[in-house]
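Just so it is clear, none of the values below were taken in a lab; they were calculated from the coordinates. Because the structure is predicted, anything quoted here is derived from the model rather than measured. Using ideal geometry, Cβ is built from the backbone for each residue, glycine included, and neighbour counts are taken over all protein chains shown.
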Amino acid sequence: MFPPQSLNEKLLVYGFVPIVFIYVWRYMHSKAWLSYANTKQNQEILQRCPTIRNKRFNPTIYLQHRLLQTVFASSVKPVLPHIDYIMEEIKMEGGGHTSLAWAIQKDEEKTKEQSKVLMVVIPGLTGAAKDKYVMDIVGNLLKNGYRCVVYQPRFNGGQLILPDEGYLDILKDFKATMDQLRKKEKDVKLCGVGHSYGANLLVNYLGSFEDHGFMGGVSIANPWNLMLGENKMRRTVVDRVMTDFLQKTANKSSKQLADAVRFNLNLQDLLSFKNVRDFDRNFTIKVYGYETVNDYYWAISSCRKIKQIKVPLLLLNAEDDPVVDANGFVKEEIEGYSPHVILMMTPRGGHQGWVEGFFSLKRWYMKPTVEFVNAIVNTSSSQ
């Protein structure tokens, strides 16, 4: 028998060795894969993006699982803990409004060439300007000299007010907001960074309108094909969590939704559903004007728009994303038909996670995002 102290030490060693082995094995298999057309523009951009060329994301040793990556990402502190915004309400034709949260920039950050670029940050489905991941990307962009504005759809920044006529159309809302923004900022170049559902919106916008006014963008954790994604997360803990978020969003606007009688919404039933599909069947397709849930999922899936993208766009996804199906697009189609798109797919990272570090956790995806934005700005200015 081992003395107690010796036994405890051996148990500690025996328990630690497998963790180290798993981490080393995962490190050896941690390379991302890239997919892009071999064009001069893409080569010039990649030369300015060492993190993307390195193809490595090494997750925190105790956050290896995709759910841990996803959950802990929400608690990672932003690079600038305090960001003040000036809110601007944008009224929509037919009723309701979106909003723009303008990040207040310090005077010393306005001296760089990047100050001529306005970054449009688009949060995920339930995100808003004060969420930590939004503040983190805004803070990183501000530190690099960019001006930033956060787009908040009518159901993100406040109470959801449905249109008086027709149906809710998030792409139409976004375009109307960007049109007003461009009238106000005539001499500024626009560049977009979208997260999750917001990334899906950004890609749909860039692929639907030729005169969109954007010089490029970054799509982070885009769901791409919502039918595949919903099927992947169905009856999982992620499904339950997302349903809770949707229910809280609807409940927050219960009075306004109750007044919209023409949509025939049963708000009490909405709070009883246990999965996203049931919620979408009884709420989303009614306010968006679709006959079936699959009709809605396919209509807003941005995988259909990749080929129409005409500006530099980075697609950043993780294969182990519990929300996104990695088969939402085909690698060969990007290389053959999408000359402006660069896809980076990491083996791990969860959904909008990519948490690295040990004692001080950070969001790794800030590095490739800022590098890519800097690259397209500098490549554009040198031409």
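Across the stretch 50-105, what is the number of residues that are among the aromatic types (F, W, Y) and under 29 Å from L162 (Cβ atoms)?
Count: 2.
Checking R348 against (1) basic (K, R); (2) closer than 15 Å to P78 by Cβ; (3) part of a loop (DSSP other than H, G, I, E, B), which test does it fail?
Result: R348 passes all but (2).
Looking at (1) surrounded by fewer than 19 Cβ atoms within 10 Å (Cβ to Cβ); (2) touching a helix residue (DSSP H, G or I) at 6+ places or on another chain (Cβ under 6 Å); (3) in a helix (DSSP H, G or I); (4) not small (G, A, S), find the lone condition where V79 falls short.
(3) is the only condition that V79 fails.
Exactly one of (1) surrounded by fewer than 24 Cβ atoms within 10 Å (Cβ to Cβ); (2) within 24 Å of T126 (Cα to Cα); (3) under 15 Å from the mean Cα position of the chain (by Cα) is unmet by L343. Its number?
It is condition (2) that L343 fails.
On the basis of being exposed (fewer than 15 other Cβ atoms within 10 Å of the Cβ), at negative phi and under 25 Å from the mean Cα position of the chain (by Cα), does K255 make the cut?
For K255, the condition - exposed (fewer than 15 other Cβ atoms within 10 Å of the Cβ), at negative phi and under 25 Å from the mean Cα position of the chain (by Cα) - is not met.
Of the residues K77, K132, K143, which single one is under 20 Å from G216 (Cα atoms), charged (D, E, K, R) and in contact (Cβ under 8 Å) with a residue 24 or more places away in the chain?
Of K77, K132, K143, the one residue that is under 20 Å from G216 (Cα atoms), charged (D, E, K, R) and in contact (Cβ under 8 Å) with a residue 24 or more places away in the chain is K143.
Quick check on my filter: what residues within the stretch 273-295 are of a type outside the set (A, V, I, L, M, F, W, C) and assigned to a loop (DSSP other than H, G, I, E, B)?
Residues satisfying the conditions are K274, N275, G289, Y290, E291, T292.
Hey, can you tell me all the residues within the stretch 133-147 that are in a helix (DSSP H, G or I) and crowded, with 17+ Cβ neighbours inside 10 Å?
Y133, V134, M135, D136, I137, V138, G139, N140, L141, L142 - these are the residues of the stretch 133-147 that are in a helix (DSSP H, G or I) and crowded, with 17+ Cβ neighbours inside 10 Å.
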